[in-house]
Amino acid sequence: MAAPEAAKDLRTVFIRGVSFDANEKDIEELFSDVGPVKQCFLVRVKDQPKHRGFGFVQYALPEDAERAVTECSGKSLKGRKLQVELADKRAPLEERKKKRKLGQDGVGDGVAVDTADTTARAPASHPPTKASGPKVNATTAKIIGGEDAKAAGTAKPDDDGVAAAAALPPRKRQRAAAAAGTTSAATATSEKHKLLRAVAIGNLTPASISLAISLARKVAPVEEVLNPAPREVVQQAKLEADGCNGNVVIVIYKTVKDAMHAVTQLHNKTLELRNPNPKQQHQQQPRGKRGRKGTSEQEEEEAQEEGKAGGGEAGDHHQQQRQQQQEIAAAAPRITLWAREVKGEGAHVKQWRVILRNLPFKVTEAALLKVLSPAGFVWDLKLPRTPDGRLKGFAFATFTCRAHVDKAIATTNGKDFMGRMVVADWAVSKTQYLKGAPG
C-alpha cells in the first residue's frame, strides 16, 4: 500500500529502472533540466562500484520535484525507461538505530538514505530488489560529480590515507568516506548550478565585448564573467543552433530570476560602438570659443549671430559641421546583441514556440508584439514572406518558458485582431509536422 501524502518528502524523488551503464553525472544532467538539483546519487552495494539500479534526486523546491515526476517518468536513459515518484520521508532516528542493530538497514520495506543532507527513502510500495552479496550500507553512497562511478570506485588513496582510515573504527570510516564523497560532489554540483544562473551574450565583436559586459552588469548583480566563453559550454548549450555568432561571453548572475530578467533586457538590444579613431572624431567635432563651454546650443547661437553679421557664410559653415557630425554618428558601427540562458527552461527556446495563423496581410511586427508581449517576453518573432516580399498570413513567436506560451495561446487564440480571427497553437518542427500529415 502506498504511503500517504503526508509521509512523502516533497523535495526528493525516487528513481527506479536506472541503466547500469548510467552514473550520477547522467542522472544529474537529465534532472537538472527541470530545476536546480541539490543532491543526487545512485545506491551501491558496499565496497563495490556497481550501483543497484535505483537512486534519489533532491531539489531545492517542491515544485521542481513535482515537475520531475511528471516530465522525467518514462524517459529513456541509456536504453532503459526511468520510473520516477516522490520519495518517502526517512524514518525517525530511533527506528533507524533499531534497524541497524537488527541488521536490517538497507533492506525490508525501503532503503533508508543516511546522508547528511538527504532525508528520503524508497517508497514502501516499490521496494528495491535485493542484490546478492553484502548488504547496502547507505552511508557509503557517494555523489560522484563529473567522474565515472566505476573509476571512482576503483581509485586507490595514498598510503597515508589508507593508514589514517584503517586507524578509525568501522562506523567512523564509513562516515568519513561519505563526508568526503559529499564534499567533492557539492563542489561539482555548485559549479553546474552556476550555469542555471548564466546568460550567454553573443554576436559580439572584439571592440564591443567590454561595452556588452558593462551593459550586462547594469541589468542585475553579476557574480562572475567568463570571457571568452569556454568552448565546451558553448557546444553543450548549442548556442550556434539558436543563432548565436561572433564572440561570446558568459555572465553569471546572483539568482536565476536575475538571469531571466537579463535576457529580456539584453536580447536584440542594439549597441552603437564608438568611433574606432577617436582622434579623427575629435578633430571633426566643432569646438566653442575660449571662455565658453562649447556646447551645441552656444555654437548654434554663435552660428546665427555670425551668419547675420557675415552674410550667412559662417552659419553655413557651422551647418555643414553639424551635418558632418550626424553622418559620422549614422556611420558608426552597430551590433545587435544575442542573449539566452545557458541552462534550464530558458535554454530551450525552440520548444517554446507559437504559430499564429489567419493574420492580416497588413500586420506589422510592432503590432503583433503589442498583442503578444503581455503574455511574456517575446524572444523571437518571424513573419514569413513570399519571394516578392508579401506576407504569408502567419507568424512564429518564440518565448523563454512554457508558462508564457500557454498564456499567449490563451489570450490570442480565437480573438479578433485587425478584423480577422487569429488561430494560435503550439508550433512543431517541420519533421514532426510531416510525420503527422495524412498520406
Segment residue 254-residue 411, extension gain: residue separation times 0.36 nm, minus the distance between their alpha carbons: 53.2 nm
Listed pairs 238/392; 50/81; 8/99; 50/238 exceeding 25 Å between Cα atoms: 238/392; 50/238
Heavy atoms of residue 233: accessible area, 1.4 Å probe, square angstrom to 10: 20
For region 71-79, 3J(HN,Hα) per residue [Karplus equation, 6.51 cos²θ - 1.76 cosθ + 1.60, θ = phi - 60°, Hz, x = Gly/Pro]: 8, 9, 5, x, 6, 8, 9, 6, x
Selected from 72, 27, 41, residue furthest toward positive end of dipole (region 1-103; charges at beta carbon): 41
Surface accessible to a 1.4 Å probe, per residue, for the residues of region 11-62, Å²: 33
Nonlocal amide H pairs with residue 352, under 5 Å, H built at 1.01 Å: 399
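The values are calculated or read from the model by the stated rules, or taken from the named source; none is laboratory data. Fair warning: this is a prediction, and the values are worked out from it, not measured in the lab. Every residue, glycine among them, receives a Cβ derived from its backbone with ideal geometry; neighbour counts consider all protein chains shown. Accessible surface areas use protein heavy atoms only, side chains included; no ligands, DNA or RNA. Shrake-Rupley method; radii C 1.70, N 1.55, O 1.52, S 1.80 Å.
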